[in-house]
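Engineer: Take this structure, written in C-alpha coordinates, and hold onto it; I'll ask about it next.
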Amino acid sequence: MADIAETLNTILKIDGAFACALADHDSGMTLGTAGGQAGFDIELAAAGNTAVVRAKLNVMNSLQIDGGIEDILITLDDQYHLIRPLKTHAALFLYLAIDKAKGNLALARHRLGEAEKALVV
(Lines give C-alpha, C1' and ligand atoms only; values in the text may rest on other atoms or scores of the structure.)
Protein backbone atom coordinates (compact mmCIF):
# COMPACT_ATOMS: atom_id res chain seq x y z
CA MET A 1 0.00 0.00 0.00
CA ALA A 2 1.25 3.48 -0.84
CA ASP A 3 0.38 6.98 0.32
CA ILE A 4 -0.46 9.83 -2.06
CA ALA A 5 3.11 11.09 -2.52
CA GLU A 6 4.50 7.60 -3.12
CA THR A 7 1.73 6.81 -5.59
CA LEU A 8 2.24 10.02 -7.57
CA ASN A 9 6.01 9.48 -7.69
CA THR A 10 5.42 5.93 -8.96
CA ILE A 11 3.00 7.21 -11.62
CA LEU A 12 5.55 9.80 -12.74
CA LYS A 13 7.94 6.92 -13.59
CA ILE A 14 5.59 5.74 -16.37
CA ASP A 15 7.29 6.18 -19.76
CA GLY A 16 6.50 9.63 -21.14
CA ALA A 17 4.76 10.85 -17.97
CA PHE A 18 5.54 14.46 -17.16
CA ALA A 19 2.85 15.39 -14.63
CA CYS A 20 0.23 13.73 -12.44
CA ALA A 21 -2.19 14.54 -9.66
CA LEU A 22 -4.81 13.20 -7.33
CA ALA A 23 -7.84 15.48 -7.43
CA ASP A 24 -11.31 15.80 -5.96
CA HIS A 25 -13.97 16.39 -8.62
CA ASP A 26 -16.46 17.70 -6.05
CA SER A 27 -14.25 20.54 -4.81
CA GLY A 28 -11.93 20.96 -7.80
CA MET A 29 -8.92 20.79 -5.50
CA THR A 30 -5.87 18.57 -5.69
CA LEU A 31 -4.77 16.33 -2.85
CA GLY A 32 -1.31 15.99 -4.34
CA THR A 33 0.69 16.64 -7.50
CA ALA A 34 3.99 15.56 -9.02
CA GLY A 35 5.97 16.69 -12.02
CA GLY A 36 5.09 19.43 -14.43
CA GLN A 37 6.99 21.29 -17.07
CA ALA A 38 7.32 24.80 -18.43
CA GLY A 39 3.96 26.04 -19.62
CA PHE A 40 2.03 23.20 -17.94
CA ASP A 41 0.47 23.93 -14.56
CA ILE A 42 -0.55 20.55 -13.12
CA GLU A 43 -2.71 22.18 -10.43
CA LEU A 44 -4.68 24.11 -13.06
CA ALA A 45 -4.92 21.08 -15.38
CA ALA A 46 -6.20 18.77 -12.63
CA ALA A 47 -8.67 21.36 -11.36
CA GLY A 48 -9.93 22.00 -14.89
CA ASN A 49 -10.45 18.31 -15.54
CA THR A 50 -12.79 18.04 -12.57
CA ALA A 51 -15.37 19.58 -14.94
CA VAL A 52 -14.73 16.77 -17.43
CA VAL A 53 -15.39 14.13 -14.79
CA ARG A 54 -18.50 15.89 -13.48
CA ALA A 55 -19.85 16.31 -17.03
CA LYS A 56 -19.38 12.63 -17.87
CA LEU A 57 -21.01 11.53 -14.62
CA ASN A 58 -23.98 13.85 -15.31
CA VAL A 59 -24.41 12.42 -18.83
CA MET A 60 -24.22 8.87 -17.50
CA ASN A 61 -26.84 9.74 -14.89
CA SER A 62 -29.12 11.34 -17.51
CA LEU A 63 -28.81 8.27 -19.72
CA GLN A 64 -29.31 5.99 -16.72
CA ILE A 65 -26.03 4.20 -17.41
CA ASP A 66 -25.10 2.02 -14.45
CA GLY A 67 -21.54 1.37 -13.44
CA GLY A 68 -18.54 3.60 -13.16
CA ILE A 69 -15.91 5.20 -15.34
CA GLU A 70 -12.76 3.14 -15.78
CA ASP A 71 -10.87 6.01 -17.36
CA ILE A 72 -11.27 9.00 -19.64
CA LEU A 73 -8.74 9.65 -22.40
CA ILE A 74 -8.12 13.08 -23.88
CA THR A 75 -5.83 12.97 -26.89
CA LEU A 76 -4.00 16.15 -27.85
CA ASP A 77 -1.59 16.67 -30.74
CA ASP A 78 1.45 15.68 -28.70
CA GLN A 79 0.04 14.51 -25.36
CA TYR A 80 -2.30 11.99 -23.78
CA HIS A 81 -4.24 12.99 -20.69
CA LEU A 82 -5.66 10.10 -18.66
CA ILE A 83 -8.27 10.56 -15.96
CA ARG A 84 -8.97 7.56 -13.72
CA PRO A 85 -11.67 7.90 -11.04
CA LEU A 86 -10.91 5.87 -7.93
CA LYS A 87 -13.17 2.92 -7.24
CA THR A 88 -12.59 3.25 -3.49
CA HIS A 89 -13.25 7.02 -3.22
CA ALA A 90 -15.97 8.15 -5.62
CA ALA A 91 -15.05 11.85 -5.59
CA LEU A 92 -11.34 11.34 -6.30
CA PHE A 93 -9.47 10.72 -9.54
CA LEU A 94 -5.91 10.22 -10.70
CA TYR A 95 -4.83 12.47 -13.55
CA LEU A 96 -1.82 11.75 -15.76
CA ALA A 97 -0.26 13.73 -18.60
CA ILE A 98 2.00 11.82 -21.02
CA ASP A 99 4.17 12.89 -23.94
CA LYS A 100 2.81 10.90 -26.92
CA ALA A 101 6.24 10.48 -28.51
CA LYS A 102 7.75 9.01 -25.34
CA GLY A 103 4.88 7.04 -23.84
CA ASN A 104 2.90 3.91 -24.48
CA LEU A 105 -0.81 4.49 -23.91
CA ALA A 106 -1.74 0.85 -23.21
CA LEU A 107 1.07 0.45 -20.70
CA ALA A 108 0.25 3.80 -19.08
CA ARG A 109 -3.40 2.76 -18.60
CA HIS A 110 -2.28 -0.53 -17.06
CA ARG A 111 0.23 1.09 -14.70
CA LEU A 112 -2.25 3.78 -13.66
CA GLY A 113 -4.66 1.01 -12.70
CA GLU A 114 -1.96 -0.71 -10.65
CA ALA A 115 -1.15 2.58 -8.90
CA GLU A 116 -4.81 3.06 -8.07
CA LYS A 117 -4.98 -0.38 -6.43
CA ALA A 118 -1.93 0.37 -4.25
CA LEU A 119 -3.08 3.86 -3.19
CA VAL A 120 -4.21 4.46 0.38
CA VAL A 121 -6.00 7.77 0.93
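The values are calculated or read from the model by the stated rules, or taken from the named source; none is laboratory data. Since this is a predicted model, take the numbers as computed values, not measurements. All Cβ positions, glycine included, derive from the backbone under ideal geometry; neighbour counts span all protein chains shown.
Engineer: Of the residues in region 58-112, how many are more than 21 Å from residue 26 (Cα to Cα) and among the hydroxyl-bearing types (Ser, Thr, Tyr)?
Structural biologist: Qualifying residue count for the region: 2.
Engineer: Next up: Scan 73, 22 and give me the residue that is farther than 16 Å from residue 114 by Cα, touching a residue at least 24 places away in the same chain (Cβ under 8 Å) and among the aliphatic types (A, V, I, L, M).
Structural biologist: It is 73.
Engineer: Restricting attention to strands (runs of 3 or more DSSP E) lying wholly within region 1-76, give those where 1 or more residues are modelled with pLDDT of 95 or more and touching a Phe, Trp or Tyr at 6+ places or on another chain (Cβ under 7 Å).
Structural biologist: Correct list: 17-24, 72-75.
Engineer: Considering only region 87-110, how many residues are in contact (Cβ under 8 Å) with a residue 40 or more places away in the chain and in contact with a strand residue (DSSP E or B) (Cβ under 9 Å, 6 or more places away or on another chain)?
Structural biologist: Qualifying residue count for the region: 14.
Engineer: Filter region 92-121 down to the residues that are out of contact with any helix residue (DSSP H, G or I) (no Cβ under 9 Å at 6 or more places or on another chain) and among the acidic types (Asp, Glu) and list them by number.
Structural biologist: The one that is out of contact with any helix residue (DSSP H, G or I) (no Cβ under 9 Å at 6 or more places or on another chain) and among the acidic types (Asp, Glu): 99.
Engineer: Yes or no: residue 35 small (Gly, Ala, Ser) and on the phi > 0 side of the Ramachandran plot?
Structural biologist: Yes; evaluated as a whole, the condition is true for this residue.
Engineer: Still on this structure, please answer the following. Does residue 22 meet the test of being under 20 Å from residue 4 (Cα atoms), surrounded by 19 or more Cβ atoms within 10 Å (Cβ to Cβ) and touching a helix residue (DSSP H, G or I) at 6+ places or on another chain (Cβ under 8 Å)?
Structural biologist: Criteria met by residue 22.
Engineer: Additional query: Taking residue 55 and the conditions (1) within 15 Å of the chain's Cα centre (by Cα); (2) without any contact (Cβ under 8 Å) to a residue 24 or more places away in the chain, which numbered condition does it fall short on, given that it satisfies the others?
Structural biologist: Of everything listed in (1) within 15 Å of the chain's Cα centre (by Cα); (2) without any contact (Cβ under 8 Å) to a residue 24 or more places away in the chain, residue 55 misses just condition (1).
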